[in-house]
Number of protein chains: 2
Amino acid sequence: MSGGDRNERSAPRLGFDPNDAAFAALPTPSLVLDADALERNIARMDAFLEQRGAWARPHTKTHKSPEIARLQLARSRTVGVCCARIAEAEALADAGIEPVLVTSPLSTPEKILRHVDLVARAHRVQTVVDSALGIDRLAEAAAAAEVRCEVVLDLDPGFHRTGVPMDERAVGLAGRILERPALSLRGVQMYAGTLMHLESARDRAERSRELWTRAQGIAEQIRGLGAECPVLTGGGTGTFDLDAEIAIATDLQVGSYVFMDAQYRVIESPSSPGASAPFDFFEPALFVVAAAVSQPVPELVTVDAGFKALSLDHPPEVVVPGASGPLRFHFAGDEHGMIDLKAAPGAIALGDRVALLVGHCDPTVNLHRSYVVVRGGEIVDEWEIVARGVA
Amino acid sequence: MSGGDRNERSAPRLGFDPNDAAFAALPTPSLVLDADALERNIARMDAFLEQRGAWARPHTKTHKSPEIARLQLARSRTVGVCCARIAEAEALADAGIEPVLVTSPLSTPEKILRHVDLVARAHRVQTVVDSALGIDRLAEAAAAAEVRCEVVLDLDPGFHRTGVPMDERAVGLAGRILERPALSLRGVQMYAGTLMHLESARDRAERSRELWTRAQGIAEQIRGLGAECPVLTGGGTGTFDLDAEIAIATDLQVGSYVFMDAQYRVIESPSSPGASAPFDFFEPALFVVAAAVSQPVPELVTVDAGFKALSLDHPPEVVVPGASGPLRFHFAGDEHGMIDLKAAPGAIALGDRVALLVGHCDPTVNLHRSYVVVRGGEIVDEWEIVARGVA
């Protein structure tokens, strides 16, 4: 971090006190969702998009929750939702959530059969493709099932994870799709995951704009083949404000904004590039409540949340209302984490419950069975995390 | 890695071919367990312990599977099993698996009530304690429920994660337990997790011996208080052979040996310290089968297993029978991993299934719903992974 202001950002406001009697029977560790903050985030994104004339296709791989997808779809600027896996699409379809775009390419017969089966059962589900193999297999399976599958061509922003390179190869694959009557080409997808957490808002803006411009060029060449290609989908929470202003992006695959997480709180605000402002357009809404279960030495306390309760790719932020200094968490194995109390001696006592602002929301959510939903400091509901750990 | 031999270790033998017709309907990613290799590992540990006159209390946090616990308990040198969480103890008790030692200290009323409830329902379950608070709360809850709880005093090997320091404070806590008629002190636990993956077998041996000697001293002082203190439990797969020779360790909390994993394959064999031999006393038995779903550039291939299917703390080992060079896996986000094909061009084609030897077994198992059990290249069963993602 280089921005001074960001270092001074305040601790997230907690909508609940984990040591209140209302939480006494709550097992630790539990994943706790502040529904009020969640709803404010969803409303805030919608208002922003409306102001800019932009649209969202929220990514449900973040939350894997039909309840949250429903809150997102109820907003005026939402055109549908995304998911990452067929198992998610199946779970969403079962819960009546549509339309759904599967944003990871399908290449294997097993996944393609499941996708075609969803389409055959009249679910409004689309998928991306990025290879001749994937196109041919999907076209053959769709033809055999006598259905037409809507597809979106996935473009590689240069990370080489998925997508076809943004050159004549992309146009070639689009041509291949157009030759298949069982397929309907709806557009292109450009998701530059590597940009989302660039600390400098200016870097994110410049690189995102450059990639969208290239994607736009591909979409125009595809239209030159005679395809309508109405959809240009992609982007994410880290570039949402910029992407909303790029007129050719038809909809944004924003995911993390519903929860925010510690990983997003350390980047520069996308809403004020260059101003070194913290990314606080959205509120932290998702916490792991853990308990201080051991304290071999006074300057540390051990909590019952480790690799099996928090994703290892970013540590959580310790939230202790009233603590004067920042408290650092580090992982201590499968079951435990340790919190350094040097900056705030006595801030956490053995047996206390603590709230940990989730470090990276998507893979942390995947570790839990359900959300404990709180409103106004009370536990009001439990929402299942569907299709977790399912292929 | 410094040992030359270890760099030349052969790829693990695969008891199945993920591209065989038998696997065509298997979703990717799936967690695949080679039951033949698993059983050989369990038998091999038992034979080794018998030879040394030592005993095991296998740790079920590794596998969270009543089926595997049952295979372990059927062996002559097994005195019981361990688990890390109350939810695991509950699931094991429901499946008839006993006796169980909970190896993480209980400090919160919620967990203590659940533990006492298990005891009250006549399950043979013990727990570790490491604080006056934990002892007092457990004693009061046990007294209120009119049961007696067997406890083991957890010692801090110096990592400061859990346990009481190995000095007069440990003896003091033992005295506190002895004053409580609702508690029965069974012994001490010393688990030095930080030693398990030291690369040098000599370092592991020296440091483990030093810690066991200190733990033995504490046990003797506790016996001086009039306690029987028959149990000295601890150790793990990385130090199993050494710990088996330390006469005072009554039983070993070995976990990972049932599966082995890529993390253990890079340390020096504990059976031949100083010889730079690879740790191959046990066989790799646990794999994630993933599919090559995208290939934006020829020198890489992207598989459908990322943070949500493999624990991030150690990458898996790519197993491609017949590939001439080693293939390196790296994580590429929540849903994907990338495999570098430069050392073996064309070894994996788009659409192929690949076997990934699990990097770190415990937290990877926790990501999956079940084991796909294979024998002789065929899928023969599915075993639930119980109490995953449950507090």
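The values are calculated or read from the model by the stated rules, or taken from the named source; none is laboratory data. Worth saying up front: this structure is predicted, and the values here are computed from it rather than measured. Cβ atoms come from the backbone with ideal geometry, glycine included; neighbour counts cover every protein chain shown. Each accessible area value is taken on the protein alone, full model and side chains, heavy atoms only, with ligands, DNA and RNA left out. Shrake-Rupley method; radii C 1.70, N 1.55, O 1.52, S 1.80 Å.
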task: Just one of (1) closer than 20 Å to residue A:28 by Cα; (2) buried (at least 19 other Cβ atoms within 10 Å of the Cβ) trips up residue B:109, so point out which.
output: (2)
message: Looking only at segment A:350-376, count every residue that is at pLDDT 95 or above and more than 22 Å from residue B:386 (Cβ to Cβ) and tell me the total.
response: 16
message: Can you go through A:359, A:376 and tell me which one is small (Gly, Ala, Ser) and more than 13 Å from chain B (Cβ to nearest Cβ)?
response: A:376
task: Among the residues of segment A:287-304, write down those that are crowded, with 17+ Cβ neighbours inside 10 Å and at the interface with chain B (Cβ under 8 Å from one of its Cβ atoms).
output: A:291, A:292, A:293, A:294, A:295, A:296, A:300, A:302, A:304
task: Can you confirm whether segment B:124-132 contains a residue that is open to solvent by 10 Å² or more (accessible area, probe 1.4 Å), farther than 27 Å from residue B:169 by Cβ and in contact (Cβ under 8 Å) with a residue 24 or more places away in the chain?
output: yes
- request: Six or more apart or on different chains, Cβ under 7 Å: which pairs go from a residue in segment B:136-153 that's without any contact (Cβ under 8 Å) to a residue 40 or more places away in the chain to one that's of a type outside the set (A, V, I, L, M, F, W, C) and in a helix (DSSP H, G or I)? Could you list them?
  value: B:137/B:109
- prompt: For segment B:70-102, how many residues are in contact (Cβ under 8 Å) with a residue 60 or more places away in the chain, out of contact with any helix residue (DSSP H, G or I) (no Cβ under 8 Å at 6 or more places or on another chain), open to solvent by 20 Å² or more (accessible area, probe 1.4 Å) and not hydrophobic (A, V, I, L, M, F, W, C)?
  reply: 1
message: So, in segment B:162-193, exactly how many residues are small (Gly, Ala, Ser), farther than 14 Å from residue B:129 by Cβ and within 11 Å of chain A (Cβ to nearest Cβ)?
response: 1
query: For residue B:169, are the conditions met, namely being part of a helix (DSSP H, G or I), out of contact with any Ser or Thr (no Cβ under 6 Å at 6 or more places or on another chain) and surrounded by fewer than 24 Cβ atoms within 10 Å (Cβ to Cβ)?
result: yes
- request: Go over the candidates A:319, A:231, A:258 one by one and state the one that is farther than 20 Å from residue A:206 by Cβ and assigned by TED's automatic domain parsing to the domain that holds residue A:344.
  value: A:319
message: Can you pull out every residue in segment A:321-356 that is within 11 Å of another protein chain (Cβ to nearest Cβ) and over 27 Å from residue B:197 (Cβ atoms)?
response: A:349, A:350, A:351, A:352, A:353
task: Look at residue A:239 and say whether it is within 14 Å of chain B (Cβ to nearest Cβ) and crowded, with 24+ Cβ neighbours inside 10 Å.
output: no
- line: By residue number, the members of segment A:1-21 that are more than 18 Å from residue A:358 (Cβ to Cβ), modelled with pLDDT under 90 and out of contact with any Ser or Thr (no Cβ under 7 Å at 6 or more places or on another chain) are A:1, A:2, A:7, A:8
query: Mind checking which residues of segment B:305-358 are open to solvent by less than 30 Å² (accessible area, probe 1.4 Å) and of a type in the set (S, T, N, Q)?
result: B:311
message: Looking at residue A:386 and the list (1) within 11 Å of chain B (Cβ to nearest Cβ); (2) open to solvent by 10 Å² or more (accessible area, probe 1.4 Å); (3) aliphatic (A, V, I, L, M); (4) closer than 23 Å to residue B:310 by Cβ, which single condition is not satisfied?
response: (1)
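Residue-by-condition table, conditions (1) in contact with a strand residue (DSSP E or B) (Cβ under 8 Å, 6 or more places away or on another chain); (2) modelled with pLDDT of 95 or more:
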position: B:248; (1), (2): yes, no
position: B:253; (1), (2): yes, yes
position: B:257; (1), (2): no, yes
position: B:270; (1), (2): no, no
position: B:278; (1), (2): yes, no
position: B:288; (1), (2): yes, yes
position: B:292; (1), (2): yes, yes
position: B:300; (1), (2): yes, yes
position: B:304; (1), (2): yes, yes
